[in-house]
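Asker: Right, I'll just put the structure down here and ask away after.
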Amino acid sequence: MWSRRRGEKDSKTKIDTTRGRGFLIAVGATRGKNLFDGAKLTARYFFDALGMSFEGGCFFPGIESIGAVKEHPEALQQAYDLCRK
């Protein structure tokens, strides 16, 4: 069904991304420049399969342990603002 919906040119069978918007919040222990590329791509395809649009998210590198995010109040505020959006 998914591939048939994607392959058709008819506008009635195209994905309606107004069904919802998807966001991703992710943390990582390292600081690589491509750290979240795989997670973003996975989220994009996941939300696309649900008929939703992927709107981005908050990505926080360098948070190494459980509870360490409490030491980054700006990260908590960004995640809160994203959820309010």
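Asker: Just the residues that are assigned to a loop (DSSP other than H, G, I, E, B) and not hydrophobic (A, V, I, L, M, F, W, C), please, taken from the range 25-61.
Answerer: Those that are assigned to a loop (DSSP other than H, G, I, E, B) and not hydrophobic (A, V, I, L, M, F, W, C): Thr30, Arg31, Gly32, Lys33, Asn34, Gly51.
Asker: Then there is this: If the Cβ limit is 8 Å and pairs must be 6+ apart or interchain, which residue in the range 46-63 that is aliphatic (A, V, I, L, M) pairs with which residue that is surrounded by fewer than 17 Cβ atoms within 10 Å (Cβ to Cβ) and in a strand (DSSP E or B)?
Answerer: Filtered contacts from the range 46-63: Met52/Arg21; Ile63/Gly28.
Asker: Right, next: Starting from residues that are of a type in the set (Phe, Trp, Tyr) and under 10 Å from the mean Cα position of the chain (by Cα), keep the ones in the range 37-68 and report whichever is nearest to Phe23 (Cα to Cα).
Answerer: Looking at the filtered set, the residue picked out is Phe54.
Asker: When residues of the range 62-85 are filtered for being out of contact with any helix residue (DSSP H, G or I) (no Cβ under 9 Å at 6 or more places or on another chain) and either at pLDDT 90 or above or assigned to a helix (DSSP H, G or I) (or both), how many remain?
Answerer: Matching residues across the range 62-85 total 11.
Asker: Also, I was wondering about something else. Can you tell me which residue in the range 1-46 is surrounded by the fewest Cβ atoms within 10 Å (Cβ to Cβ), limited to those that are in contact with a Lys or Arg (Cβ under 8 Å, 6 or more places away or on another chain) and modelled with pLDDT of 90 or more?
Answerer: So the residue we want is Phe23.
Asker: So which of Ala49, Ala68 ends up being exposed (fewer than 14 other Cβ atoms within 10 Å of the Cβ) and either among the β-branched types (Val, Ile, Thr) or more than 12 Å from Ile25 (Cα to Cα) (or both)?
Answerer: Within the list Ala49, Ala68, the selection yields Ala49.
Asker: Here's another thing I want to ask about it. Need pairs with beta-carbon distance below 7 Å; first residue under 20 Å from Ser65 (Cα atoms) and within the range 26-45, second part of a loop (DSSP other than H, G, I, E, B) and at pLDDT 90 or above; sequence gap 6+ or separate chains.
Answerer: Qualifying pairs under 7 Å: Ala26/Phe36; Gly28/Leu35; Gly28/Phe36.
The values are calculated or read from the model by the stated rules, or taken from the named source; none is laboratory data. Just so it is clear, the structure is predicted and the values come from calculations on it, not from any experiment. FYI the Cβ positions are ideal-geometry reconstructions off the backbone, even for glycines, and counts take in every protein chain you see.
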